[in-house]
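Working notes, beginning with the structure itself.
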Amino acid sequence: MNEKNNLSKNISCEYYVPLGKAGSLIIQAPVVLSYLKVNIPVYTNINLSKNCLNVKTTQNKIFIKKPLLASDNKLILTGHIEKSLSYKTNSNNTSKFSGTKTLNMDIQIEEHVNITFDQFPVKNEKNTEFYYEKSDEPINCNMEFIELIQDNIQYTDSGYVNKLILSLQFSLTQLQYVFIPEPEGDVQLLKPNSNTPIQTPKTNNFYYNIGFDNSLGLIANRTFIYNSP
């Protein structure tokens, strides 16, 4: 018979400030071209008569495909909402109602959104028809969150209408070359694997890795360069 080990364990966790090579240098990194939130109103007629009462939403399932950026800088958003409703009927116009019934709906979504860039995407241009250059770096759309901020059901002259507002937040990024300048200000040089400052060494066969600590400010450690014999 196996016995479970119920002894408590003290798990230790140490946090380190990430460090990286100091500038000046050129890196290739994802650049945020645009960061935005889009609110999409969706109005849908519900196929229920006026004899249906207590119409309520019981469930919404939202499915959004990965957005596509067209050549005219329009973001194409497509998807659908699987919506479930509950309601009661009164066919004889009396005070008695039938038991609760359900209705399932599939609400399609297709919208084109004009995009304004905070940083322009980089495009490769060919000088002549005999000149080869790699294709443009793709622009990636990263969905941050999806939220249903309004879901109302109203009865109008034309029948029941469901009014939704769907909120989407996402970022557009592209891999670009970026210049990283040399950091400015005083730097605390640390001992290896510690937060204790040391004096600046006199040798020059090393390079610095730079980071930022909330209490110490700019911090650095050094990595020695060992030349092969």
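Bear in mind these aren't lab numbers, they're just calculated from the coordinates by the rules spelled out. As the structure is a prediction and not an experimental result, all values here were calculated from the model. In this analysis, Cβ positions are derived from the backbone assuming ideal geometry, glycine residues included, and neighbour counts consider all displayed protein chains.
Things to note:
- In sequence order, region 98-105 has phi-based couplings of 6, x, 5, 10, 10, 9, 9, 10 Hz under the Karplus curve 6.51 cos²θ - 1.76 cosθ + 1.60, θ = phi - 60°, and Gly or Pro positions carry x.
- Cut-off under 5 Å, modelled amide H: who pairs with Ile46 long-range: Tyr160, Val161, Asn162
- Of Lys37/Lys83; Lys61/Lys88; Lys37/Lys101, pairs whose Cα-Cα distance is over 26 Å: Lys37/Lys101
- Between amide H atoms placed 1.01 Å from N, distances below 5 Å from Ala22 occur with Tyr208, Ile210, all of them 5 or more places distant or on a separate chain.
- Karplus-derived 3J(HN,Hα), 6.51/-1.76/1.60, for each residue of region 179-187, Hz, glycine and proline x: 8, 10, x, 5, x, 10, x, 6, 10
- Over region 37-119, relative contact order from alpha-carbon pairs under 8 Å, at least 6 apart, %: 30
- Total formal charge among the other residues, if their Cβ is under 13 angstrom from that of Lys56, Lys/Arg +1 and Asp/Glu -1: +2
- 3J(HN,Hα) along region 213-221: 10, 4, 9, 9, x, 5, 10, 8, 10 Hz, from the Karplus curve 6.51 cos²θ - 1.76 cosθ + 1.60 with θ = phi - 60°, whole Hz, x for Gly and Pro.
- Computed on the Cα trace of region 28-177, the radius of gyration divided by the Kirkwood hydrodynamic radius gives Rg/Rh = 1.21.
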